[in-house]
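For reference, the structure is listed below as structure tokens.
The values are calculated or read from the model by the stated rules, or taken from the named source; none is laboratory data. No experiment lies behind these values; they were computed from the predicted model shown. Here the Cβ is made from the backbone with ideal geometry for all residues, glycine too, and neighbour counts use every protein chain on show.
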Amino acid sequence: MRRLILGGTAGAAALLGLAVWAGGEKDMPPLAFMGESVDGAVLERGREVYAENCASCHGAEREGQPDWRRRLENGRMPAPPHDETGHSWHHADGQLFTITKFGVGAVVPGYESDMPAFEGILGDDEIAAVLAYIKSTWPERERAFQAEVTGNVEGGS
């Protein structure tokens with residue numbers, strides 16, 4: 001199986017990433033993103049990139065903005081949570097990647113969002129690492145559901 005690897009990470013960062021990943025249920029299958037297994041170094045990098053680029057809107061603990069289901073005055077929706085209370089886990093890996101890279105309008109034509117497209121800001125490996133990190137924080141039920149959706153939509157992961 002191929003591995004999603006980011007260069008330049010130290011052993012300590014890899015161990016911290018594994019601790020984040022291993023913090024969930026012990027019987028959970030290995031974490032994968034778009035069919036590639038994910039290691040602790042990737043998760044640590046994802047945590048860092050999330051903190052630098054996503055937490056200001058989606059929350060340091062992935063809790064989203066207050067009242068995230070109610071439209072703002074500009075007609076747009078607040079940033080949803082990326083924990084189990086949100087809906088990120090309802091979407092396949094490829095959809096999450098496309099939304100992050102190209103914006104929500106890439107999967108819902110005409111949809112206007114305050115979330116920027118990260119193309120040209122984050123590289124594909126950084127986007128994948130952030131999404132893998134987010135997935136690593138979901139409880140077993142949500143991860144299993146999302147893995148099934150990913151498998152059904154993308155032919156396996």
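Given the options Ala147, Ala132, name the one that is surrounded by 20 or more Cβ atoms within 10 Å (Cβ to Cβ), among the aliphatic types (A, V, I, L, M) and out of contact with any helix residue (DSSP H, G or I) (no Cβ under 8 Å at 6 or more places or on another chain). Write out each step before concluding.
Details: Ala132 fails: out of contact with any helix residue (DSSP H, G or I) (no Cβ under 8 Å at 6 or more places or on another chain).
Residue meeting the stated conditions: Ala147.
Please give the number of the condition Gly105 fails out of (1) within 21 Å of Glu142 (Cβ to Cβ); (2) modelled with pLDDT under 95; (3) in contact with an Asp or Glu (Cβ under 9 Å, 6 or more places away or on another chain); (4) surrounded by 13 or more Cβ atoms within 10 Å (Cβ to Cβ).
Just one mismatch for Gly105, condition (1).
Among the residues of the stretch 76-90, which ones are closer than 15 Å to Val149 by Cα and under 10 Å from the mean Cα position of the chain (by Cα)? Working first, answer last.
Restricting attention to the stretch 76-90, the residues satisfying the condition of being closer than 15 Å to Val149 by Cα are 87-90.
Within the stretch 76-90, Ser88, Trp89 qualify.
Within the stretch 25-70, which residues are part of a loop (DSSP other than H, G, I, E, B) and within 14 Å of the chain's Cα centre (by Cα)?
First pass over the stretch 25-70, keeping only residues part of a loop (DSSP other than H, G, I, E, B): 25-31, 34-35, 39, 54, 59-70.
Leu31, Met34, Cys54, Gly59, Ala60, Glu61, Arg62, Glu63, Gly64, listed by residue number.
Report every pair of residues separated by at least 6 positions or lying on different chains whose Cβ atoms are under 6 Å apart, first residue within the stretch 124-143 and touching a residue at least 12 places away in the same chain (Cβ under 8 Å) and closer than 15 Å to Ala51 by Cβ, second small (Gly, Ala, Ser) and part of a helix (DSSP H, G or I).
Sorted first by the residue in the stretch 124-143, then by its partner, the pairs are Ala129/Gly46; Val130/Gly46; Ala132/Gly46; Tyr133/Gly46.
Checking Gly17 against (1) over 14 Å from the mean Cα position of the chain (by Cα); (2) surrounded by 19 or more Cβ atoms within 10 Å (Cβ to Cβ); (3) modelled with pLDDT of 95 or more; (4) of a type outside the set (D, E, K, R), which single condition isn't satisfied?
Evaluating Gly17 over (1) over 14 Å from the mean Cα position of the chain (by Cα); (2) surrounded by 19 or more Cβ atoms within 10 Å (Cβ to Cβ); (3) modelled with pLDDT of 95 or more; (4) of a type outside the set (D, E, K, R) leaves (3) as the failure.
Just name the residue that is farthest from Gly46 (Cα to Cα) out of those in the stretch 106-157 that are in contact with a Phe, Trp or Tyr (Cβ under 7 Å, 6 or more places away or on another chain) and aromatic (Phe, Trp, Tyr).
Residue satisfying both the conditions and the ranking: Phe145.
So, Glu73, is that one among the acidic types (Asp, Glu), closer than 20 Å to Phe33 by Cα and over 14 Å from the mean Cα position of the chain (by Cα) or not? Full working, then the answer.
Working: among the acidic types (Asp, Glu): yes; closer than 20 Å to Phe33 by Cα: no; over 14 Å from the mean Cα position of the chain (by Cα): yes.
The answer is no for Glu73.
Taking the conditions exactly as written (modelled with pLDDT of 95 or more and at negative phi), does Asn74 satisfy them or not? Walk me through it before giving the result.
On the way: modelled with pLDDT of 95 or more: no; at negative phi: yes.
No, not satisfied.
Can you tell me which residues in the stretch 76-102 are in a helix (DSSP H, G or I) and over 18 Å from Glu112 (Cα atoms)? Full working, then the answer.
Taking the stretch 76-102 and keeping what is in a helix (DSSP H, G or I), we get 88-90, 93-102.
Of everything in the stretch 76-102, those that are in a helix (DSSP H, G or I) and over 18 Å from Glu112 (Cα atoms) turn out to be Trp89, His90, Asp93, Gly94.
Looking at Gly110, Gly123, which is the one that is within 24 Å of Asn74 (Cβ to Cβ), among the small types (Gly, Ala, Ser) and surrounded by fewer than 18 Cβ atoms within 10 Å (Cβ to Cβ)? Break it down stepwise before answering.
Numbers: Gly123 fails: within 24 Å of Asn74 (Cβ to Cβ).
The unique qualifying residue is Gly110.
On the given criteria, is Glu73 assigned to a loop (DSSP other than H, G, I, E, B), out of contact with any Leu (no Cβ under 8 Å at 6 or more places or on another chain) and not polar (S, T, N, Q)?
yes
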